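Worksheet for the structure shown next.
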Amino acid sequence: MTVAVGKFKQPVIEGTVTQLADHMPTGDAWAAKLVEDSDLHSQMHGTSKPFNMTQGRIEDLSRESDINQTVELISDWESSVGLPDVCLGPLSDIDERRALIIERLSKTPIVTIGQQQTFIDRLFPDLDITLIPGADFFGFEYSLEMFFLGNVNEKFIIVAVLPPQDPFFEFDLEFPFTGGVDQTELQCVLERISPANVLPIILEGIAT
């Protein structure tokens, strides 16, 4: 949503004085209304200040009505679309908050695996998370050892693969180390964007 803020631009104080003068009577008695240093102009200057301040607030409101520029009303925009996100909680970056509001307002459904991948990449940048349909993942040439799902149709599974992370220590660890990936947040997001009949699974330490 874009608002033409220029239409509500606050003028300098002399601009407001001129606007006020345009609405005052004409004639010799009012000739000094735009003459600097005259008593009448000074009175009009003082009278115009509250109007000028109001014009400034109108400009602020027009800016806040634009999601791409809002600052003061960002919380109101968020609450109107059900934010903060139940999975990720409040965000601190103003640009990310605006982007999430716009995304919610677009009401574009996330249906395909490509759309889900794009969504996850935006929320978890630099983590190189790969989403793979269950039929493709479990149809690999080599199956995983000791990973059993029971009686679940693999076509209704999405596997989120977290790649092996570079070790942060001098010695290799005996257990997988994912370098700060919040799997609780990721699982929550996957469950929220996946259809009700799709089971999201997170696997870590696997090279794709």
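The values are calculated or read from the model by the stated rules, or taken from the named source; none is laboratory data. These numbers were taken from a predicted model, which means no experiment stands behind them. Cβ: placed from backbone, ideal geometry, glycine included. Neighbour counts: every protein chain shown.
A few comments on the model shown:
- Contact map, the stretch 35-51: residues that are surrounded by fewer than 12 Cβ atoms within 10 Å (Cβ to Cβ) paired with residues that are not in a loop (DSSP other than H, G, I, E, B), Cβ distance under 8 Å, separation 6+ or inter-chain. Pairs shown: 35/41; 39/32.
- Only a single item in (1) surrounded by 13 or more Cβ atoms within 10 Å (Cβ to Cβ); (2) not in a loop (DSSP other than H, G, I, E, B) is not met by residue 83, and it is number (2).
- Residues that are more than 36 Å from the chain's Cα centre (by Cα) and of a type outside the set (Val, Ile, Thr) do occur in the stretch 47-68.
- When 113, 157, 132 are screened for being at negative phi, at pLDDT 80 or above and in contact with a Phe, Trp or Tyr (Cβ under 8 Å, 6 or more places away or on another chain), only 157 passes.
- Per the listing 124, 140, the residue uniquely modelled with pLDDT under 90, exposed (fewer than 13 other Cβ atoms within 10 Å of the Cβ) and closer than 26 Å to residue 197 by Cβ is 140.
- Within the stretch 52-76, if we keep just the residues that are touching a Ser or Thr at 6+ places or on another chain (Cβ under 6 Å) and closer than 29 Å to residue 103 by Cβ, the residue that is surrounded by the fewest Cβ atoms within 10 Å (Cβ to Cβ) turns out to be 66.
- All of (1) under 24 Å from residue 8 (Cβ atoms); (2) in contact with a Leu (Cβ under 9 Å, 6 or more places away or on another chain) hold for residue 95 with one exception: (2).
- Residue match in the stretch 18-40 (condition: β-branched (Val, Ile, Thr), under 30 Å from residue 70 (Cβ atoms) and modelled with pLDDT of 90 or more): no
- Residues in the stretch 86-118 that are buried (at least 17 other Cβ atoms within 10 Å of the Cβ), in contact (Cβ under 8 Å) with a residue 40 or more places away in the chain and not in a loop (DSSP other than H, G, I, E, B): 116 alone.
- Checking residue 51 against (1) assigned to a helix (DSSP H, G or I); (2) outside the structural domain of residue 15 (by TED's automatic domain parsing); (3) more than 30 Å from residue 195 (Cβ to Cβ), the condition it does not meet: (2)
- Residue check, residue 59 touching a residue at least 40 places away in the same chain (Cβ under 8 Å) and in a helix (DSSP H, G or I): yes
- Per the listing 14, 59, 72, 36, the residue uniquely in the same structural domain as residue 98 (by TED's automatic domain parsing) and not hydrophobic (A, V, I, L, M, F, W, C) is 72.
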